[in-house]
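To keep things clear, I will list the structure first and then write my remarks on it.
The values are calculated or read from the model by the stated rules, or taken from the named source; none is laboratory data. Remember, predicted model here, so these are calculated numbers, not experimental data. Cβ: placed from backbone, ideal geometry, glycine included. Neighbour counts: every protein chain shown. In case anyone asks, the SASA skips ligands and DNA or RNA and just uses the protein heavy atoms, side chains included. Shrake-Rupley method; radii C 1.70, N 1.55, O 1.52, S 1.80 Å.
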Amino acid sequence: MNLFESPGFLINRLAHLMANELDARLKKHGVTISQWAVLSLLNEREGVPQVEIQQKLGIEGATVTGLLQRMEKSGFIRRDADLQDRRVQRVFMTDLSRSLTDLLTAEAEAVNEKTLQGFTSDEKAFFLRMVVRAMQNY
């Protein structure tokens with residue numbers, strides 16, 4: 001098998017290139033890719049339970065706990081116990097993270113645009129459908 005015809009190798013390589021680019025762009029704003037992923041989720045829906053962040057991002061509970069602790073210390077989020085179930089921690093954005101949302105989103109969009117530069121709108125849509133379809137096989 002030719003490595004450069006392997007979907008796994010090529011997708012992994014593309015993901016690595018995109019992650020490096022996004023990481024460099026986000027670092028200028030004091031945010032990591034993992035932190036941006038959390039903020040992106042919270043921007044869609046505030047007050048998400050911590051366990052839902054874990055599930056949606058596909059990372060271990062202890063990893064999410066450490067990530068959220070660092071984000072709280074940096075002033076990006078706050079966590080509050082759920083009013084009806086004190087065991088549930090709900091996560092909220094702060095004014096600081098809200099002020100960065102548009103800027104961070106623009107950085108992520110710039111990476112996506114760079115990746116799909118030269119693609120027609122139909123090719124972009126097809127590419128995304130194929131990636132989602134491939135992911136559904138797992």
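Points to keep in mind about this one:
- Verdict on residue 126 being in a helix (DSSP H, G or I) and either open to solvent by 80 Å² or more (accessible area, probe 1.4 Å) or within 21 Å of residue 21 (Cβ to Cβ) (or both): yes
- Every residue from segment 67-83 that is polar (S, T, N, Q) and either open to solvent by less than 30 Å² (accessible area, probe 1.4 Å) or farther than 13 Å from residue 31 by Cα (or both): 69
Residue-by-condition table, conditions (1) farther than 18 Å from residue 18 by Cβ; (2) free of Cβ contacts under 8 Å to residues at least 12 places away in the same chain; (3) open to solvent by less than 80 Å² (accessible area, probe 1.4 Å); (4) out of contact with any Gly (no Cβ under 6 Å at 6 or more places or on another chain):
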residue	(1), (2), (3), (4)
63	yes, yes, yes, yes
106	no, yes, yes, yes
113	no, yes, no, yes
132	no, yes, yes, yes
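- Among the residues making up segment 50-61, a single one is open to solvent by 60 Å² or more (accessible area, probe 1.4 Å) and either β-branched (Val, Ile, Thr) or in contact with a His (Cβ under 9 Å, 6 or more places away or on another chain) (or both): 51.
- Residue, farthest from the chain's Cα centre (by Cα), within segment 71-95, restricted to residues that are closer than 18 Å to residue 32 by Cβ and free of Cβ contacts under 8 Å to residues at least 12 places away in the same chain: 73
- Any hit, segment 26-49, residues being over 30 Å from residue 130 (Cα atoms), touching a strand residue (DSSP E or B) at 6+ places or on another chain (Cβ under 7 Å) and open to solvent by less than 30 Å² (accessible area, probe 1.4 Å): yes
- Pairs meeting the criteria (first residue in segment 1-12 and more than 17 Å from residue 137 (Cβ to Cβ), second residue of a type in the set (D, E, K, R) and part of a helix (DSSP H, G or I), beta carbons under 8 Å, at least 6 apart or on different chains) are lacking.
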